[in-house]
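Notes follow the structure.
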Amino acid sequence: MRTINIHQAKTHLSRLVDEAEKGDSFIIAKAGKPKVKVIRIDAPPALPMRRIGAMKGLYSIPENFDEIDRELDREIEKLFLGEDTE
């Protein structure tokens, strides 16, 4: 998304509004710092950003994970085959 200086925005406001109406949103900055975002009124809402690692530390994998997996495989096999596989 492009950034427009506030002086440029004042000078070219009509053209910028027309571009925003067509879907070309932009940011107006003052002294290089972003101040506002200009988008068309009926623009679809932006999707929330996905944060990688947001759930870090909220769960842990048990030490015997591989054994649990093997046990589950055996149970599933029994259900499908209808017999004891051990």
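Any read-out appearing in this document is the output of simple, stated calculations on the displayed coordinates, not a laboratory observation. Computed from a prediction, not measured in an experiment: that's the story for all the values here. Because the Cβ atoms are built from the backbone with ideal geometry, glycine has one as well, and the counts that use them run over all protein chains shown.
Are any of the residues in region 4-17 surrounded by 11 or more Cβ atoms within 10 Å (Cβ to Cβ) and among the hydroxyl-bearing types (Ser, Thr, Tyr)?
yes
Report, by residue number, each residue of region 1-28 that is within 17 Å of ILE41 (Cα to Cα), outside any loop (DSSP other than H, G, I, E, B) and among the small types (Gly, Ala, Ser).
Result: SER14, ALA20.
Inside region 24-81, can you point out the residues that are closer than 30 Å to ASN5 by Cβ, under 20 Å from the mean Cα position of the chain (by Cα) and either among the basic types (Lys, Arg) or surrounded by fewer than 10 Cβ atoms within 10 Å (Cβ to Cβ) (or both)?
LYS37, PRO44, PRO45, ALA46, LEU47, PRO48, MET49
Pull out all pairs, ordered by first then second residue, where Cβ-Cβ is under 9 Å, the residues are six or more apart or on different chains, the first lies in region 39-66 and is over 30 Å from ARG15 (Cβ atoms), and the second is surrounded by 10 or more Cβ atoms within 10 Å (Cβ to Cβ).
Filtered contacts from region 39-66: PRO62/ILE68.
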